[in-house]
Amino acid sequence: MHLGWEKTFEKIYEHYWFEGMSKYVRKFMDNCIICKVAKPHPGKVHAELHPIPKFNIPWHTIHIDASGKLSGKNDIKEYVFVILDAFTKFVLLRHSLNIDTNSSIRAINFCIALFGAPKRIIADQGRCFASKDFSSFCTSNNIELHLIAAGGSRANGQVERVMSTLKSMLTAVEASRDRSWQDALGEVQLAMNSTVNRVTKYSPLELMIGRVARPLSLVTADDDDVTEVNLDEIREHATQNIKKDANYDKNRFDRNKARVCKLAINDYVLIENEERNQTKLDPKFKGPFKIIDVLDGDRYLLKALDSKRTYKYPHDRVRKVPDHQVPRELDVIVDDSDSETKSN
């Protein structure tokens, strides 16, 4: 284990010197496989934000995610599937007792019954979305399935933010003790869809159906007024607002990041371990893996050396290994219990 190339150089320099020593020491340090496995990324993160192309068409692209276990007052495994329209930000919440493939397919079928099949689904690599059955379901319905790279949750950031809001609202419902969160799920959905979105500047219901809706508590028996809006006009405004916000987010994200030095097919890399699956003293990286394809958005398709299993990872979660170090000094470390699942 070394304390960085500068400190190592200074220690050696106390006793030895030869021409080009600093360059040699730095090269040696860059090729230390133990340091690459044990230490986290130094300095700035090598990453660039690649926004997913936007379409100003409702229900063209949807994001989907599943919550963690929401037991409420009873120790029962219950979950919520969150489905979000990428353009209008319209949210659908679907209660479920499981988060397996069949449950995710039922959640999508529920949405299809309301609005028809979307053109594209964006999901993480959870087992319920990365399975062959879910992929086959999407193919049979002519839906493009886009699985984000492991650890690249920012690609599914829209639904992640909704998930955070949902958990806060359900926690508040449970704290009131008047009723269970399951009973309030419909009202939570209505509240989300009736609230003006920070990015579009309109409520999801306005952009989806062309009218302003109000929570049930504000509706009176003699209230016959319905506020209608010009759909074409507000959708055009929302489109411009979305583009403006996307440009702002990209500039802010890229500002403090280091330039990405792209890797190539047949390069060997280590992949970053999930923090939730390790202790403080566990290695920060595992591998090696071989790059078998370079994907768009600074992502790579990787293969373990001792199996046919493949993984998708973003650039900022891999670390290059010198080719001559791979077979001699490092054993393949693959833990199938991790959250990364087989890519389709």
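Numbers at a glance
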{"quantity": "Output for the range 80-114, where each listed residue is part of a strand (DSSP E or B) and either at pLDDT below 90 or surrounded by fewer than 18 Cβ atoms within 10 Å (Cβ to Cβ) (or both)", "calculated": "HIS95"}
{"quantity": "Residue in the range 176-195 that is in a loop (DSSP other than H, G, I, E, B) and modelled with pLDDT of 85 or more present", "calculated": "yes"}
{"quantity": "Single unsatisfied condition, ALA149 versus (1) in contact with a Gly (Cβ under 9 Å, 6 or more places away or on another chain); (2) over 20 Å from PHE90 (Cβ atoms); (3) part of a helix (DSSP H, G or I); (4) among the hydrophobic types (A, V, I, L, M, F, W, C)", "calculated": "(3)"}
{"quantity": "Residue tally, condition over 30 Å from LYS286 (Cβ atoms) and part of a helix (DSSP H, G or I), over the range 227-270", "calculated": "23"}
{"quantity": "Of the criteria (1) under 21 Å from the mean Cα position of the chain (by Cα); (2) surrounded by fewer than 23 Cβ atoms within 10 Å (Cβ to Cβ), which one ILE121 fails", "calculated": "(2)"}
{"quantity": "Filtered residue count, the range 252-303, keeping only those that are hydroxyl-bearing (Ser, Thr, Tyr) and within 21 Å of HIS146 (Cβ to Cβ)", "calculated": "1"}
{"quantity": "Candidate set from the range 49-79 (those that are of a type outside the set (A, V, I, L, M) and modelled with pLDDT of 90 or more); member that is surrounded by the fewest Cβ atoms within 10 Å (Cβ to Cβ)", "calculated": "HIS60"}
{"quantity": "Among the candidates SER140, SER194, residue that is in contact with a Pro (Cβ under 7 Å, 6 or more places away or on another chain) and hydroxyl-bearing (Ser, Thr, Tyr)", "calculated": "SER194"}
{"quantity": "Candidates LEU305, LEU281, LEU295, LEU270 - the one that is closer than 26 Å to ILE52 by Cα and aliphatic (A, V, I, L, M)", "calculated": "LEU295"}
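One line per residue, one yes/no per condition, for (1) aromatic (Phe, Trp, Tyr); (2) crowded, with 16+ Cβ neighbours inside 10 Å; (3) touching a helix residue (DSSP H, G or I) at 6+ places or on another chain (Cβ under 9 Å):
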| position | (1), (2), (3) |
| --- | --- |
| HIS237 | no, no, no |
| LYS243 | no, no, no |
| TYR268 | yes, yes, yes |
| GLU272 | no, yes, yes |
| ILE291 | no, yes, no |
| ASP296 | no, no, no |
| LEU305 | no, no, yes |
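The values are calculated or read from the model by the stated rules, or taken from the named source; none is laboratory data. The structure displayed is predicted, hence computed values, not measured ones. Positions of Cβ are generated from backbone atoms using ideal geometry, with glycine treated the same way; all protein chains shown enter the neighbour counts.
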